[in-house]
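The structure appears right after this line, and notes come after that.
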Amino acid sequence: MALDKPYKGIPGTTIFDADLARKGYHLNQFCMSLMKAENRERFKANERAYLDEWPMSEEQKQAVLARDLNRCIELGGNIYFLAKIGATDGKSFQFMAASMTGMTQEEYAKMMLQGGRAPGSPVRDPREKQ
Amino acid sequence: MMARITASVYTSHVPAIGAALDLGKSGDDYWKPLFAGYEPSKAWFKENTPDVIFLVYNDHATAFSLDMIPTFAIGCAAEYKPADEGWGPRPVPTVKGHAELASHIAQSVIQDDFDLTIVNRMDVDHGFTVPLSLICGQVAEWPCPVIPFAVNVVQYPVPSGRRCFNLGRAIRKAVSLYDEPLKVQIWGTGGMSHQLQGPRAGLINREWDNRFLDRLIAEPEKLADTPHLEYVQQAGSEGIELVMWLIARGAMSDLPPRVAHRFYHVPASNTAVGHLILENSQ
């Protein structure tokens with residue numbers, strides 16, 4: 001019998017459960033490796049070569065190279081791990097958050113200052129055509 | 001005389017708050033209202049410094065990668081260093097633990113059927129050090145020993161609110177059986193509403209958060225029945241951290257608490273900040 005996963009239907013939200021953690025294990029451990037300065041340097045020097053040291057899927061590698069965080073999350077990435085890619089790039093967390101919402105960082109920061117995204121307000125995936 | 005829990009403190013642990021303090025930005029217009037909300041807390045803490053703090057928090061892919069994911073982990077070490085989360089460690093003091101009380105609590109709580117993971121070596125990240133900075137201020141040495149208690153709220157399923165509340169009760173009992181007249185505070189951290197991932201990132205739910213604060217004070221046992229789905233829908237995917245507040249609340253007496261301070265502010269970076277100080281009646 002399938003396990004109950006009532007959280008599947010929440011718009012614009014992916015719950016990092018055991019299944020996704022299994023798919024994303026190497027992707028997340030790659031991110032974890034970026035906590036060491038020497039690994040950040042090696043990654044920055046040749047991203048593709050560094051990624052090829054990890055048994056990640058080609059899709060996962062492409063999503064990292066494109067900095068497509070929504071795609072990384074679909075492929076098993078967790079935001080606390082993925083944040084280490086942004087830190088390596090010298091980007092703020094707000095930059096990363098904005099990139100997942102289809103807003104510019106300025107638009108996103110303004111939304112937060114005005115009280116954040118209201119519950120029930122529309123959610124737009126930046127990869128969908130407007 | 002035995003040890004007892006005197007009060008509980010609840011607060012968000014947003015990393016940007018630590019960065020604002022460390023970079024001397026707490027007087028900026030953006031941060032001023034937030035830090036003003038913690039001034040009464042710092043004064044309260046000076047008047048009510050405990051012998052030990054039991055600090056419930058979560059690690060954010062710092063000490064625990066996906067190699068090991070303990071649901072509940074208690075620190076039994078002599079000390080804990082602030083972690084390097086990728087930008088160098090926060091410039092805050094090393095935290096002294098309380099190995100004797102921590103081991104005693106582990107022994108008692110495990111015998112009460114909560115299977116804790118015992119940790120004898122780990123670094124602590126912003127989830128742990130930001131609450132200390134907010135309440136104790138920028139100090140050369142932390143004012144008392146602190147026991148870290150890490151909860152998995154990163155990989156689902158995370159523990160239920162009910163289990164967290166009952167765990168708090170088991171911690172209360174364990175403390176009451178410790179044969180030394182220690183005053184212990186229990187802190188629950190994380191939350192409030194926030195979502196850091198996906199197209200819905202930036203969600204804030206002021207109304208739901210304030211209702212959570214009301215109910216945490218007045219009817220915590222009923223609040224503990226809130227299902228995970230409601231946290232995620234209403235408070236965002238990372239709002240689930242609020243189950244950790246129920247551990248601290250469960251450790252309080254069954255009598256109504258005295259509300260020493262309450263504060264709510266939006267935003268700190270991507271997050272709604274909530275804060276409560278509850279004292280046990282004597």
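If a/c stays under 1.5 just call it rounded; otherwise compare a/b with b/c (prolate if a/b is bigger, oblate if not). Do that for chain A, with a ≥ b ≥ c from the square roots of the Cα gyration tensor eigenvalues. Mind showing how you got there, number by number?
Values: a/c = 2.12, a/b = 1.24, b/c = 1.71.
Note, shape of chain A comes out oblate.
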Check: Considering the dipole of the protein assembly as shown built from charges on the beta carbon (Lys and Arg +1, Asp and Glu -1) around the Cα centre, which of A:Leu27, B:His228, A:Gly12 is farthest to its positive end?
Finding: A:Gly12
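Would you work out the charge dipole size for the stretch A:18-89 about its Cα centre, treating the Cβ of every Lys and Arg as +1 and the Cβ of every Asp and Glu as -1, and quote it to the nearest 20 debye?
Numbers: 11 positive and 11 negative charges, 33 e Å.
The dipole magnitude comes to about 160 debye.
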Check: How well do other chains shield peptide B:185-197, expressed as the mean number of their Cβ atoms within 10 Å of each residue Cβ?
Finding: 3
Checklist line | Estimated 222 nm signal from helices in chain B, with DSSP H stretches of n ≥ 4 weighted -39500 (n - 2.57), rounded to 500 | finding: -9500 deg cm²/dmol
Next item on the list: Of the listed pairs A:Lys23/A:Lys61; A:Lys91/B:Lys32; A:Lys91/B:Lys81; A:Lys36/A:Lys91; B:Lys42/B:Lys183; A:Lys110/B:Lys32, which have alpha-carbon separations greater than 20 Å here?
Entry: A:Lys91/B:Lys32; A:Lys91/B:Lys81
Check: So what J values fall out for the stretch A:109-126 if you push phi through Karplus, 6.51 cos²θ - 1.76 cosθ + 1.60 with θ = phi - 60°, rounded to Hz, Gly and Pro as x?
Finding: 4, 5, 4, 5, 4, 8, x, x, 6, 5, x, x, 6, x, 10, 10, 7, x
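For a protection proxy built on the mean count of beta-carbon atoms within 10 angstrom, sort B:37-44, B:174-181, B:55-62 highest first, please. Write down the numbers at each step before the final one.
Values: B:37-44: 16.5, B:174-181: 15.0, B:55-62: 25.5.
Highest mean packing first, the order is B:55-62, B:37-44, B:174-181.
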Note to self: With +1 assigned to the C-beta of every Lys and Arg and -1 to the C-beta of every Asp and Glu, and no other charges, what is the dipole magnitude of the protein assembly as shown about the Cα centre in debye, to the nearest 20?
What the structure shows: 560
Notebook entry, point to check: Averaged over A:108-115, how many beta carbons belonging to a partner chain fall within 10 Å of each residue's beta carbon?
Noted result: 4
Notebook entry, point to check: Which value, in debye to the nearest 20, gives the size of the charge dipole of chain B about its Cα centre, when Lys and Arg are +1 and Asp and Glu are -1 at the Cβ?
Noted result: 480
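Kindly provide the trypsin sites (Lys or Arg not before Pro) of the stretch B:117-211 that DSSP labels as loop, not H, G, I, E or B, and whose Cβ sees at most 15 other Cβ atoms within 10 Å.
On the way: sites: B:Arg121, B:Arg162, B:Arg163, B:Arg169, B:Arg172, B:Lys173, B:Lys183, B:Arg200, B:Arg206, B:Arg211; in loops: B:Arg121, B:Arg200.
Sites meeting the loop and neighbour criteria: B:Arg121.
Grab the other residues whose beta carbon is less than 14 angstrom from that of B:Ala3, score K and R as +1, D and E as -1, and report the net. Please report the intermediate quantities before stating the final value.
Values: positive: B:Arg4, B:Arg172, B:Lys173, B:Lys183; negative: B:Asp51, B:Glu100, B:Asp179, B:Glu180.
Summing Lys/Arg as +1 and Asp/Glu as -1 gives 0.
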Notebook entry, point to check: What net charge do the residues around A:Arg42 carry, taking every other residue with its C-beta under 13 Å from that of A:Arg42, with Lys and Arg at +1 and Asp and Glu at -1?
Noted result: -1
Item checked: Spin-label model distance (nm) - B:Ala260 vs B:Ser160, 7 Å beyond Cα toward Cβ -> 3.3
Next item on the list: Identify, among A:Asn78, A:Thr88, A:Ala63, the residue whose Cα sits farthest towards the positive end of the charge dipole of the stretch A:18-89, taking +1 on the Cβ of Lys and Arg and -1 on the Cβ of Asp and Glu, with the dipole about the Cα centre.
Entry: A:Thr88
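Once you average over the residues of B:60-66, how many Cβ atoms of partner chains fall within 10 Å of each Cβ? Provide the component values of the computation, followed by the final result.
Details: counts 5, 12, 4, 0, 1, 8, 13.
So the per-residue partner count for this stretch is 6.
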Next item on the list: Would you mind classifying the stretch B:4-279 by shape? Square roots of the alpha carbon gyration tensor eigenvalues, ordered a ≥ b ≥ c; an a/c under 1.5 is rounded, otherwise it is prolate if a/b is larger than b/c and oblate if not.
Entry: rounded
Note to self: Rounded, prolate or oblate, given the Cα gyration tensor of the stretch B:40-176, with a/c below 1.5 counting as rounded?
What the structure shows: oblate
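Rule-based calculations on the coordinates, nothing more; no lab input. Being a predicted model, the structure only gives us computed values, none of them experimental. Cβ atoms come from the backbone with ideal geometry, glycine included; neighbour counts cover every protein chain shown.
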